[in-house]
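To start, the structure itself, in structure tokens.
Every number here is computed from the coordinates shown, using simple stated rules; none is lab data. Keep in mind that this is a model prediction, so the values were computed, not measured. For neighbour counting, all protein chains shown are included, and Cβ atoms are generated from backbone atoms with ideal geometry for every residue, glycine included.
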Amino acid sequence: MADENKEELVVEAVGLTKIFKDFWNRPKARAVNGLNLGIKKGEVFGLLGPNGSGKSTTIKMILGLLYPTRGELRVFGQDPQNVSIKSRIGYLPEETYLYKYLTAFETLDFYGALFGLDAEQRKTRASQLLEMVGLAHAVDRPVGEFSKGMARRIGLAQALVNDPDLVILDEPTSGLDPIGCREVKDVIRLLASRGKTVILCSHLLADVQDVCQRVVVLYGGQIRAQGLLTDILRQEDKTQIITPRLSAETVAELKNFLSAHGVKDLDKVAVDNPGLDLEDYFLEVVRQATEQKVSTAGAHAPGAMPEYLQGNVPTGQQLLQSLKGDAEEEKRKAEAAKAEAKLRAEMAAKEAEKLKALESLKGEDKPSEEEVKAAEKQALDEKAAKDREELNKKLAGLNFKK
Ligand SMILES: Nc1ncnc2c1ncn2[C@@H]1O[C@H](COP(=O)(O)OP(=O)(O)OP(=O)(O)O)[C@@H](O)[C@H]1O
Ligand SMILES: [Mg+2]
């Protein structure tokens with residue numbers, strides 16, 4: 001920890017210890033034992049370890065749900081009990097904790113309200129998040145009826161409702177089908193690319209390997225191993241070459257060549273056809289079925305990442321579109337601008353008509369100059385307010401993006 005820049009540490013633990021006591025206050029389980037941790041801003045950090053190794057206990061201390069028995073713990077530089085940091089953290093617990101009689105929408109609305117979001121924000125975020133996790137079709141279903149995978153999905157949506165800077169996910173992919181797993185991993189990667197910090201606890205090591213930059217492996221509440229995945233998993237004493245398919249003769253020649261260049265133990269030279277990743281294979285099969293419109297009563301394809309989670313950073317697609325200059329978008333913008341100009345011209349014409357009417361009024365009734373001025377002002381004020389309202393209404397209807 002000494003060489004790490006303290007400024008950018010989102011979670012910092014020194015000698016963190018949690019001992020659970022029994023009814024008579026006797027030590028029962030040393031769940032976490034002298035943990036030293038430094039989790040940096042923007043990294044996806046994997047907390048690994050066998051059952052009972054202290055992962056969930058560590059997470060609960062980070063969340064301020066459990067008091068450490070000993071040691072120091074700082075989250076965003078603060079004591080985890082500090083209420084001001086709660087709104088910066090999103091948490092998906094390992095157990096389902098949802099209110100089973102609330103619908104999917106009401107669940108997100110409820111958690112949004114806990115974070116003080118107004119009704120409009122809650123409504124927008126809830127529908128965007130439900131779309132993102134592929135539950136848009138189940139908005140009005142009570143979450144108590146949800147399958148395990150659906151419950152994980154709504155749990156993930158709940159963890160993101162407050163647009164947190166630190167997202168803690170305890171077993172996020174357990175119970176999810178491979179599509180759901182890939183979707184959660186994509187969400188994690190996107191969150192990290194937006195500068196959010198993610199702590200991931202999972203027994204599914206392939207998923208951890210896919211998204212985490214750094215991991216610690218706990219055993220008996222202590223760190224047994226830790227480091228960057230790229231460092232830990234690299235086999236420095238081996239070289240891998242992937243080429244298009246080689247003939248048996250070329251392989252034989254290659255072995256002779258290697259032998260001539262001092263490679264001993266030729267029986268350790270492995271030549272075979274690399275296999276596909278099972279996840280990629282599975283997703284390709286599903287993609288083809290979807291493309292062929294094979295019907296399914298199961299989970300639906302996930303939707304896009306909500307805009308508020310994307311921050312100001314454009315997605316790759318948006319970037320490409322902006323570079324290419326999307327013709328459709330340009331056309332839509334031109335149409336909207338034309339309609340806006342037409343509206344403004346209509347308003348100006350109406351205004352001129354009204355002024356003309358006022359002019360003629362002056363001549364007929366011969367009111368005093370003050371009366372004319374007051375009448376003019378009142379009429380113009382009323383008209384301006386009405387026109388503004390009408391223009392805003394029509395512009396809103398056009399959904400014109402600046
Ligand atoms: N509330 C509690 N009271 C007593 N002991 C507890 C409590 N919570 C956890 N423990 C004990 O602390 C140890 C660590 O548990 P923890 O839940 O942190 O493990 P974990 O790494 O999350 O395991 P899993 O992979 O099974 O989720 C275990 O021995 C467990 O029995
Ligand atoms: Mg656990």
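Cβ-to-Cβ counts within 10 Å put ARG125, ARG194, ARG26 in ascending order as ARG26, ARG194, ARG125, the fewest first. Our note on the geometry: Cα centres of the range 61-102 and the range 11-47, 13 Å apart. The residues ARG30, ARG245, when put in order of fewest to most other Cβ atoms within 10 Å, stand as ARG245, ARG30. In terms of distances greater than 28 angstrom between alpha carbons, the cross-link table entries LYS40/LYS238; LYS123/LYS383; LYS123/LYS148; LYS28/LYS55; LYS55/LYS148; LYS21/LYS60 yield LYS40/LYS238; LYS123/LYS383. The fewest-to-most ranking of PHE105, PHE257, PHE20 by surrounding Cβ atoms within 10 Å reads PHE257, PHE20, PHE105. Note on LYS148 and VAL285: with the Förster distance fixed at 25 Å, the Cβ-Cβ geometry gives a FRET efficiency of about 0.65. Working from label points 7 Å from Cα in the Cα-to-Cβ sense, the GLN235 to GLU249 distance is 3.1 nm.
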